[in-house]
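Quick notes on the structure that follows.
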Amino acid sequence: MGRGKRVGAVVSALLATAGGGAILAVATHPSPATTAPTERAAATSPADGVAPSARRAGAGHVRAPGAKSDVAKTLPRTTTTTTLPAPGPGFTQASMTNRYEAELADRLAPVRHADPGCILVTQGKTLLYQSNATEPLVPGSTEKLLVAAAALDVLGPNYTYTTEVLAPAAPVRGVVSGLWVVGGGDPVLEEPRFDAWRVGQPRYRDDVFTNVDTLAAAVRAKGVTTVTGGVHGDDARYDSQRLNPYWPSYTEADGDINPLSALTLNMDYAYWLAGPSVVPPDPASYAAGRFAQLLHSIGVNAAPGADALPPAGSVVIASIQSPPLWEIIRGMLSASDNQIAELLLKEIGYHATGHGTTAAGLAVVKAVDTRLGIPWTGTVMYDGSGLSHYDRTTCRTLLGAFYLGDKPGFTALRDVSVAGETGTMADRFLDPPLQGHLLAKTGSVDGAASMVGEIDLSTPVRFAVVFNQPVPDYQLLAYEDAAVSAIASYP
């Protein structure tokens, strides 16, 4: 039995044990069991959450100081202090007279008064400090750790995506009646010029890509000179849901995500270098059309064709594999790439169940992460990126996922951004002592800010902080900075 079938069998058993139908229902539709009544009354409705047709504002979502989202107004407000060890079994509680714990409590008092959130601090197997560690809160992009953990288990760190080019038959005197670019879900299939633009920004310095020019050259090397019936796109590996209905209506327009497809080129950007970016609503059609242009540029007479499945009995003309999954996950976590996270979630679902859907992926993530020992109580996911305001998880869950990065095969979970150097923290904590010594996965959506990671000063400590409050982003980041600075005071 191959790896995919073995994993599928294991996950199927896990889903059966955990109640797979219930998981799928939770992942697909908000219900009284998953959403607090006060939140349901004010939160963006599913109808409002359906993103508009493809358009691009070019910049991230910015709200004026003091502006409040409707969802943020109803986020949980609690001051309950948990007494449960975290992030999982095997941890010991620090002494009640521990000087650091007392000093940390004093340092964090102003932050907890302004925004209780959840805070959890550990050193090795010792629990140093916790406040509301099991309180379900909106996590933002720190949720990506949960998807990454499941992907590394289900797919394996060395998994590669494959993109193929098929034809009804081998070329005859250089001629084929058509070409089909078959998407394998690769989220980093890109042209070199697009990748150069991406990695030119500090946030995306850790990115890797699959060179589509190499795929076009391979087709030409097989002797293809003329394509009489056009170049077609095939993205049937995943479903046709382009955007998640539980994302805020502004998500796509603000550049947080583009339409999702198993055949995505340049992350579905048609133009990006200057001015508002252009995002085609049909990723497969754009990818096939652009591939036809690439072929034409190297001497192949080809034109775009309509999206379609390849004819039965088609042969592979050329194929290309992506970089290994652990490298893709490193870029995803460091830069907090939403597009990669959502496509990875669908690949998890496809690989384990045969269904390339968000719902299938979410069911697998829950089952696999639970088996891996990540505490799951209080966690509800509606996507893989953390863009949804319906998502909930806890500091205990997030730090549990980060600790999994100590195990062989899961080290990519600790390939996160570094303060003052890479990823989402390239422009944060630019001064000593934290510059270069704070590595963390960050998260931020309207009304929520979070961070999970490690401070490796004299005595390394690990932490998770999540703040939820209807205040401007800069205020939430100030709470976060204050909390991290207090945690860094550990001698």
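What follows draws every value from the coordinates through simple rules; no lab data is involved. Because the structure is predicted, anything quoted here is derived from the model rather than measured. Cβ: placed from backbone, ideal geometry, glycine included. Neighbour counts: every protein chain shown.
List of remarks:
- Relative protection proxy for 334-342, 278-286, 446-454, from highest mean packing down: 446-454, 334-342, 278-286 (other beta-carbon atoms within 10 angstrom).
- Of every Cα-Cα pair in segment 158-249, the percent that sits beyond 21 Å: 50
- For segment 180-189, the Karplus equation 6.51 cos²θ - 1.76 cosθ + 1.60, evaluated at θ = phi - 60°, returns couplings of 10, 8, 9, x, x, x, 4, x, 10, 6 Hz by residue, with Gly and Pro reported as x.
- Value of Rg to Rh for segment 436-491 (Rh from inverse mean 1/r over Cα pairs, i.e. Kirkwood): 1.00
- Rounded to the nearest 20 debye, the dipole size of segment 375-491 about its Cα centre is 420 debye, using +1 on the Cβ of Lys and Arg and -1 on the Cβ of Asp and Glu.
- Whole-Å semi-axes of the ellipsoid equivalent to segment 320-424 (Cα gyration tensor, √5λ, descending): 20, 18, 15
- Proximal charge balance of Thr163 [Cβ under 12 Å; K/R count +1, D/E count -1]: -4
- Translational diffusion of segment 241-283, µm² s⁻¹ [Kirkwood Rh, Cα pairs; Stokes-Einstein; 37 °C; 0.692 mPa s]: 299
- Counting DSSP beta bridges with both ends in segment 129-238, the antiparallel % (nearest 5): 35
- Projected-area average for segment 370-421 over all orientations - Cα convex hull basis, square nanometres: 4.7
- Whichever aspartates and glutamates have a C-alpha closer than 20 Å to that of Lys222, once near sequence neighbours (fewer than 8 apart) are set aside: Glu164, Asp213
- Alpha-carbon Debye profile of segment 348-487, log10 I(q)/I(0) at 0.14, 0.17 Å⁻¹: -0.72, -1.02
- Intensity falloff of segment 140-295 expressed as log10 I(q)/I(0), Debye formula with alpha-carbon point scatterers, at q = 0.15, 0.20 Å⁻¹: -0.91, -1.43
- Ordering of 125-137, 176-188, 424-436 by burial proxy (mean other Cβ atoms within 10 Å per residue, highest first): 176-188, 125-137, 424-436
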